[in-house]
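The values are calculated or read from the model by the stated rules, or taken from the named source; none is laboratory data. This is a predicted model, so every value here is computed, not measured. All Cβ positions, even for glycine, are placed from backbone atoms using ideal geometry, and neighbour counts span all protein chains on display.
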Amino acid sequence: MMSTYTYPKYPYRISSEQEAGRLVRHPVVVIGAGPVGLTAALDFAARGIPTVVLDDNDTVSVGSRAVCYAKRPLEIWDRLGCGERMVERGISWRIGKVFFEDDLRYQFDLLPEPDHKMPAMINLQQYYLEEFMVEECARQPLVDLRWKHKLLSLQQHEDFATLVVETPDGVFSLEAQWVVACDGANSDTRKMVGAEFTGQAFQDRFLIADVVMKAHFPTERWFWFDPPFHRNQSVLLHRQADDVWRIDFQLGWDADPVEEKKPENIIPRVKAMLGPDAQFELEWASVYQFACRRIDRFRHGRVIFAGDAAHQVSPFGARGANSGVQDVDNLGWKLKLVLDGLAPETLVDTYHDERALAADDNIANSTRSTDFITPKSAMSRRFRNAVLELAQEHPFARPLVNSGRLSTPTPYLASSLNTPDEDAFAGLMAPGTACADAPVRVDGKDGWFLGLLGGGFTVVTFGEAPLGEVRAGGIAAPVLRIGIDAADAKGRLAERYDGADGTTYLIRPDQHVAARWRSFDPDKIQGAITRAIAA
Amino acid sequence: MLHILPADAHRHDALIRSPNIPDPDGFYEELIESQRLLTDEAAQLMNCKLILLLANHVGDRAVLTQALKAAGGAVK
Ligand SMILES: Cc1cc2nc3c(=O)[nH]c(=O)nc-3n(C[C@H](O)[C@H](O)[C@H](O)COP(=O)(O)OP(=O)(O)OC[C@H]3O[C@@H](n4cnc5c(N)ncnc54)[C@H](O)[C@@H]3O)c2cc1C
């Protein structure tokens, strides 16, 4: 196998506390430096929390894992200083094609809405994603990223936890007011707190291969159901950076994972697909069985779970890393307010309420996709094939084709942190929804609306405001006046937020709508802030 | 031709359970005849397509759920 990528080896360093044999209590310790743990570190540090990250390894994710990242996670990474680099390095795509047997049955266009900074979707190998974040962590003085630190055990106390960690220099202990477990689907931390992790494993296997080729294929997502080169199974072809292509071969339950992983068995499959003359080299291959599972509670005492440690989904729809990143986006500001004594500890419990809802939504979506791709009975296979055959001629059948519903954020419409609308609004920006971006102009310079949010609570008002900030308890929310502090460069803010003179939004630190009104009422804003911090 | 609509035909929220096909014997014959030359497997696939086409034609989610129940499906 060849390699287009050289895995970095990050240096292990002994920590001063281990060296000195000193027991130190940290505000937050993150377990695991995968995409979710790294995002957590950057988010927490951006909010002013000194964050220790422990990872048992010393490099990035090895082999073929995540490929597609959606707009909302890209916006989060952009806030954390690495989104632009990911988009630059990644491959943007819009067109998806669906084939059944010998023929193209239909194609779709993601048709991204214009005037958003971030694209609807990019493709990028997971190792690049992690590498960029590791580099960003090195620039953040509040992030203390420690390689070759394996969590061995954990003990919970009233308001902190004690962690026993193994490094090349031996075993030592440290304490944390909060532990954020981002140690993946096989989370050791989850076992240490005795949490349940239940759901279903799908009776199917997939060969996931990364292939290097200069291909004539366009930059599109191609999905085959039952193609002539791989009968009775599905195949997905997707482009990544560096002329690396991802190919997923569905193998069925009876396939032997050890045999299937051998290059001499993979290469004929790829040749059958690409044709006998195709020039390619295999970079990596793994065989997976996919599952959908969720932890019972996202918080166990002082330990909070995020990413794959909290929920596992089959990859159809690219919801794994995408949703894990949104977990920590939801958590960071809550932890900061609780650590600062500005919000009650119950605010942390709303992390479970909001993100368990999102996890259930993601699991439901990827289970539906899996049921379409791997029908569980002869009858459900007939329905699946009927949909595919009808799709070519009859437009009605196309929305029924499910080769993965690509990740979009789950709005927290019923969250207890929302202040319900008392005025009428059109559009999508109901309380609990992630804010839509839009182009703005500030001091004569072009910029983006989301770039003006996310430091803390923000009051956004269309037109004049009686105050420069609204205070509630120890929280100060600055007022951003659209049309004065920032111009609505293309009118998209008014359109997306149904904004008219006086329209006022309270935005949470994670860029979600907390409340909105048709006029600026400081008392109501204050009440909504109090509600949004569970006080 | 005089075509009298059944009383509940205009109510979009209820599955029509009273006779609504003007030519029941003719329709039934056409249905059976349309599959006469098909193998069991081909007929099953055709039935699936037929269900999907008709479901889309009905379009009303509540009515579709009622139909699934009336047909004996395990519907919550
Ligand atoms: C084939 C495939 C395709 C996928 N495609 C997509 C996609 O397109 N888009 C998408 O969003 N997601 C996708 N995913 C899912 C994505 O890879 C995961 O959701 C993501 O890696 C989860 O990140 P994480 O940080 O939660 O966990 P992980 O990436 O698993 O990271 C966990 C980290 O914790 C460390 N660790 C574990 N135990 C300990 C311990 N005891 N002490 C210290 N450190 C520890 C590990 O070394 C690791 O670095 C795909 C997955 C697969 C398998």
Residue in the range A:247-259 that is in contact (Cβ under 8 Å) with a residue 12 or more places away in the chain, within 16 Å of the ligand (Cβ to nearest atom) and either within 14 Å of chain B (Cβ to nearest Cβ) or part of a helix (DSSP H, G or I) (or both) present: yes
Pairs where the first residue, in the range B:46-71, is within 9 Å of chain A (Cβ to nearest Cβ) and the second is part of a helix (DSSP H, G or I) and hydroxyl-bearing (Ser, Thr, Tyr), C-beta under 8 Å, 6+ apart: B:46/B:34
Residues satisfying the stated conditions in the range A:342-381, i.e. of a type in the set (Gly, Ala, Ser) and free of Cβ contacts under 8 Å to residues at least 60 places away in the same chain: A:358, A:364, A:369, A:377, A:378, A:380
Filter result (surrounded by fewer than 17 Cβ atoms within 10 Å (Cβ to Cβ) and part of a loop (DSSP other than H, G, I, E, B)) within the range A:457-484: A:463, A:464, A:466, A:467, A:468, A:473, A:474, A:483, A:484
Flag if residue B:39 is within 14 Å of chain A (Cβ to nearest Cβ), over 12 Å from the mean Cα position of the chain (by Cα) and not charged (D, E, K, R): yes
Selection from the range A:361-387 of residues that are hydroxyl-bearing (Ser, Thr, Tyr), more than 18 Å from residue A:312 (Cα to Cα) and assigned to a helix (DSSP H, G or I): A:380
Test: residue in the range A:385-403 that is away from chain B (no Cβ under 14 Å) and either surrounded by 15 or more Cβ atoms within 10 Å (Cβ to Cβ) or out of contact with any Cys (no Cβ under 8 Å at 6 or more places or on another chain) (or both): yes
Flag for residue A:326 being closer than 16 Å to residue A:408 by Cβ, within 13 Å of the ligand (Cβ to nearest atom), out of contact with any helix residue (DSSP H, G or I) (no Cβ under 6 Å at 6 or more places or on another chain) and at pLDDT 95 or above: yes
Failed criterion for residue A:51 (all others in (1) hydroxyl-bearing (Ser, Thr, Tyr); (2) at pLDDT below 95; (3) buried (at least 17 other Cβ atoms within 10 Å of the Cβ) hold): (2)
Filtered residue count, the range A:135-166, keeping only those that are assigned to a strand (DSSP E or B) and within 22 Å of residue A:341 (Cα to Cα): 4
Residue in the range A:133-158 that is nearest to the other protein chains (Cβ to nearest Cβ), counting only those that are within 11 Å of the ligand (Cβ to nearest atom) and basic (Lys, Arg): A:150
Residues located in the range A:377-434, provided they are over 29 Å from residue A:72 (Cβ atoms), touching a Pro at 6+ places or on another chain (Cβ under 8 Å) and not basic (Lys, Arg): A:383
Selection count, the range A:267-308, where residues are at pLDDT below 95 and away from the ligand (no atom under 13 Å from the Cβ): 17
Which numbered condition residue A:355 misses (of (1) within 16 Å of the ligand (Cβ to nearest atom); (2) surrounded by fewer than 21 Cβ atoms within 10 Å (Cβ to Cβ)): (2)
Hits in the range A:14-38 - residues which are more than 6 Å from the ligand (Cβ to nearest atom), surrounded by 12 or more Cβ atoms within 10 Å (Cβ to Cβ), aliphatic (A, V, I, L, M) and within 17 Å of residue A:161 (Cβ to Cβ): A:24, A:28, A:29, A:30
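Here's the yes/no breakdown for (1) crowded, with 24+ Cβ neighbours inside 10 Å; (2) assigned by TED's automatic domain parsing to the domain that holds residue A:476; (3) closer than 21 Å to residue A:27 by Cα:
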residue: A:297; (1), (2), (3): no, no, no
residue: A:300; (1), (2), (3): no, no, yes
residue: A:306; (1), (2), (3): yes, no, yes
residue: A:311; (1), (2), (3): yes, no, no
residue: A:316; (1), (2), (3): yes, no, no
residue: A:319; (1), (2), (3): yes, no, no
residue: A:323; (1), (2), (3): yes, no, no
residue: A:328; (1), (2), (3): yes, no, yes
residue: A:331; (1), (2), (3): yes, no, yes
Tabulated pairs, the range A:195-218, first modelled with pLDDT of 90 or more, second among the hydroxyl-bearing types (Ser, Thr, Tyr) and more than 16 Å from the ligand (Cβ to nearest atom), C-beta under 7 angstrom, 6+ apart or interchain: A:212/A:4
Checking residue A:130 against (1) part of a strand (DSSP E or B); (2) touching a residue at least 24 places away in the same chain (Cβ under 8 Å); (3) within 13 Å of the ligand (Cβ to nearest atom), the condition it does not meet: (1)
Any hit, the range A:54-67, residues being over 25 Å from residue A:288 (Cβ atoms), of a type in the set (A, V, I, L, M), crowded, with 19+ Cβ neighbours inside 10 Å and in contact (Cβ under 8 Å) with a residue 40 or more places away in the chain: yes
The range A:311-323 - residue that is within 13 Å of the chain's Cα centre (by Cα) and more than 8 Å from the ligand (Cβ to nearest atom) and, of those, farthest from residue A:533 (Cα to Cα): A:317
Residue count, the range A:60-83 (criterion: outside any helix (DSSP H, G or I) and on the phi < 0 side of the Ramachandran plot): 12
Search result, residues across the range A:453-464 that are touching a strand residue (DSSP E or B) at 6+ places or on another chain (Cβ under 6 Å) and either closer than 22 Å to residue A:77 by Cα or free of Cβ contacts under 8 Å to residues at least 12 places away in the same chain (or both): A:453, A:457, A:458
Condition met for residue A:52 (within 12 Å of the ligand (Cβ to nearest atom) and not in a loop (DSSP other than H, G, I, E, B)): yes
Inter-residue pairs, beta-carbon under 8 Å, first free of Cβ contacts under 8 Å to residues at least 40 places away in the same chain and over 18 Å from residue A:12 (Cα atoms) and in the range A:140-157, second buried (at least 19 other Cβ atoms within 10 Å of the Cβ) and small (Gly, Ala, Ser), 6+ apart: A:155/A:161
Matching residues, the range A:215-248, being buried (at least 19 other Cβ atoms within 10 Å of the Cβ) and in contact with a helix residue (DSSP H, G or I) (Cβ under 6 Å, 6 or more places away or on another chain): A:225, A:234
Qualifying residue in the range A:84-92 (condition: assigned to a loop (DSSP other than H, G, I, E, B) and buried (at least 16 other Cβ atoms within 10 Å of the Cβ)): yes
